[in-house]
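The values are calculated or read from the model by the stated rules, or taken from the named source; none is laboratory data. All values derive from a computational prediction rather than experimental measurement. Ideal geometry is used to build each Cβ from the backbone, glycine not excepted, and the neighbour counts take in all protein chains shown.
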Amino acid sequence: MRVLFVGVAIAAMAVVAACSKPPQDPLTLEGNLLTVDNRSSREWTNVEIWLNTHYRVTTKSIPAGGRFQVPLDAFVAGFGQRFNFRRMQIVDLRLSARLPDGQPIELKKQFEASGLAGMLGGKR
């Protein structure tokens, strides 16, 4: 009887784990729109978002539990070139900011490898 109870408990935990959604990425790309979700309990200040290491957008802050949305065409490089969503591929997306106590926070979007690299577990 005890073995049956343990088996049922393990099966129930497996079902609950399988039904739960994985945590959503704080950096979400949907077409030409980037959404940044601050799910923490602390405000992020001096926010810089870098696209492909040289296109940048800044915002003064993203409040705790808040959201920031920006079109990808708003990202600008050092000499004023704009990111062209229709012609350019996104290979890197990073966010850096400061917490209220001055501690830095950095996020990097993990992209899934495609083609043979994704299939064979190649370099990212």
Is one or more of the residues making up region 73-81 modelled with pLDDT under 95, of a type in the set (A, V, I, L, M, F, W, C) and assigned to a helix (DSSP H, G or I)? no
Selection within region 29-54 - over 15 Å from residue 73 (Cα atoms), in contact with a Leu (Cβ under 7 Å, 6 or more places away or on another chain) and of a type in the set (S, T, N, Q): none
Taking region 47-72 and keeping residues in a strand (DSSP E or B) and either at pLDDT below 95 or of a type in the set (Val, Ile, Thr) (or both) leaves 47, 49, 57, 58, 59, 62, 70
Tell me which of these residue 86 doesn't satisfy, since it passes every other one: (1) within 16 Å of residue 52 (Cα to Cα); (2) surrounded by 10 or more Cβ atoms within 10 Å (Cβ to Cβ); (3) of a type in the set (Lys, Arg); (4) modelled with pLDDT of 90 or more. (2)
